[in-house]
């Protein structure tokens, strides 16, 4: 939701997958509609309908406005979230049946299913099975299908301008890859798992609770890590190949001459790092996501091919897209920064820290710790040198990224680092105080109306 709004979770309020984005929030899709440009979605999104908000404002959920608000302002080409069998929002099940996968639920029976050495069908939900290939051919896989959807839209759009969120499900659990990607890599060709026995000693209480969840217990096994990581890396390679297919088409159609391309992700996957599974908590292995920008403009020639080391955030994507379209960036709402100065090599004063947030109230860790749903929030500030985490009702965490880049040694209660913790907490407080909560008037409106009370017939304070 931060990618859709340009705002932090502390202001837009959608702090977890099951939390709807308020209809009071303005998304990229709504900004684009001011220019009659569609934001089209192909693939995964976690937009949840704010049904209570629709009901409060008496908006018909079936009307054009109601549908757009439920879909986060996007026009859905094909929505496929990949957590369970796709519903009517996706054409993937019908496509699979047309390819000969005869089943009421071809996703469960073929896409995330495998056949073991004895020819028995097994579920990919059980990670011990992901060394076998998916029961669908690669050409009919999730990644191939969504690439086809994107290309079909581009072919049909003609000269009409568009913005597309092409959102691939994979790499993601269930970690099942089609042949030949399922066996393309060995465990020795994958990144080594990042964990030490020492980091379990005197571990932070919330981290300890996360390590007791099922996915973390599974990934604490070397066998699980060695089986899942090659499949995960195969899914990444498959994605690379289909992006190559997409870009070859765009090149042939002349679209690479006038299309800004942003490749990024909303999270990584721990896959056993720090004795954890899934994607949460404050570690670089899941928070430091890829960001590749291809800007076709001549201004970007100055930095083309360069690796940028300055710190950027998910909230920067919305203003970057608006700037690329020469659209006004609503400064009273958007909390990110446009990235064009970095991409174009322009001199600019830039941020020296970034922020992230966690709401773990839906997770088993909360029950393990015996906390109420209101006690399960955390905020992190990260600079080049330090990562500091402020936890509600728990001690803080601190990592020295210069001496400890893998974040193994938590200095959150080390007496020698009290001054650093105090400084980082102040940074977090300063950021929290700067968030943009006044969203019903623009900065320009406030500026023009400042000290104008006498023009409105109000003369208080005169002698």
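The values are calculated or read from the model by the stated rules, or taken from the named source; none is laboratory data. Computed from a predicted model, the values in this text were never measured in an experiment. Glycine also receives a Cβ, built like all others from the backbone with ideal geometry; neighbour counts cover every protein chain displayed.
Looking across segment 312-327, the residues that are buried (at least 16 other Cβ atoms within 10 Å of the Cβ) and either on the phi > 0 side of the Ramachandran plot or in contact with a strand residue (DSSP E or B) (Cβ under 8 Å, 6 or more places away or on another chain) (or both) come down to 312, 313, 314, 317, 320, 321. Every condition in (1) under 21 Å from residue 208 (Cα atoms); (2) loosely packed, with under 10 Cβ neighbours inside 10 Å is met by residue 407 except one, and the failing one is (2).
Residue 299 falls short on exactly one of the conditions (1) over 27 Å from residue 270 (Cβ atoms); (2) touching a residue at least 40 places away in the same chain (Cβ under 8 Å); (3) touching a strand residue (DSSP E or B) at 6+ places or on another chain (Cβ under 9 Å); (4) part of a helix (DSSP H, G or I), and that condition is (3).
Just one of the listed residues (54, 69, 41, 21) is in contact (Cβ under 8 Å) with a residue 60 or more places away in the chain and either part of a loop (DSSP other than H, G, I, E, B) or surrounded by 15 or more Cβ atoms within 10 Å (Cβ to Cβ) (or both), namely 41. A count restricted to segment 56-88 and to residues that are out of contact with any helix residue (DSSP H, G or I) (no Cβ under 9 Å at 6 or more places or on another chain), modelled with pLDDT under 90 and under 30 Å from residue 278 (Cα atoms) stands at 3. Annotation note: Cβ proximity below 9 Å between a residue of segment 130-142 that is touching a residue at least 60 places away in the same chain (Cβ under 8 Å) and a residue that is surrounded by fewer than 24 Cβ atoms within 10 Å (Cβ to Cβ) and part of a strand (DSSP E or B) (sequence gap 6+ or interchain) occurs for 130/114; 131/114.
Within the span defined as segment 24-33, every residue fails to be farther than 30 Å from residue 328 by Cβ and free of Cβ contacts under 8 Å to residues at least 40 places away in the same chain. Might you check whether a residue that is over 24 Å from residue 240 (Cα atoms) and in contact (Cβ under 8 Å) with a residue 24 or more places away in the chain occurs anywhere in segment 287-295? So far as segment 287-295 goes, no, none of its residues is over 24 Å from residue 240 (Cα atoms) and in contact (Cβ under 8 Å) with a residue 24 or more places away in the chain.
Could you tell me which residue of segment 262-296 is surrounded by the most Cβ atoms within 10 Å (Cβ to Cβ), considering only residues that are in a helix (DSSP H, G or I) and out of contact with any strand residue (DSSP E or B) (no Cβ under 9 Å at 6 or more places or on another chain)?
274
Whether any residue in segment 228-249 is more than 25 Å from the chain's Cα centre (by Cα) and part of a loop (DSSP other than H, G, I, E, B) is what I want to check.
So far as segment 228-249 goes, no, none of its residues is more than 25 Å from the chain's Cα centre (by Cα) and part of a loop (DSSP other than H, G, I, E, B).
Checking segment 338-360 against the condition returns no match, with no residue being outside any loop (DSSP other than H, G, I, E, B), at pLDDT 95 or above and loosely packed, with under 14 Cβ neighbours inside 10 Å. For segment 72-104, the set of residues classified as part of a helix (DSSP H, G or I) and free of Cβ contacts under 8 Å to residues at least 24 places away in the same chain consists of 93, 94, 97, 98, listed by residue number.
Counting the residues of segment 176-227 that are more than 29 Å from residue 142 (Cα to Cα) and out of contact with any helix residue (DSSP H, G or I) (no Cβ under 7 Å at 6 or more places or on another chain) gives 9. Checked against the criterion of being touching a residue at least 24 places away in the same chain (Cβ under 8 Å) and either more than 30 Å from residue 198 (Cβ to Cβ) or not in a helix (DSSP H, G or I) (or both), the candidates 410, 430, 447 yield just one match: 410.
Residue selection: residue 439 satisfies the criterion of being part of a loop (DSSP other than H, G, I, E, B) and either surrounded by 10 or more Cβ atoms within 10 Å (Cβ to Cβ) or at positive phi (or both).
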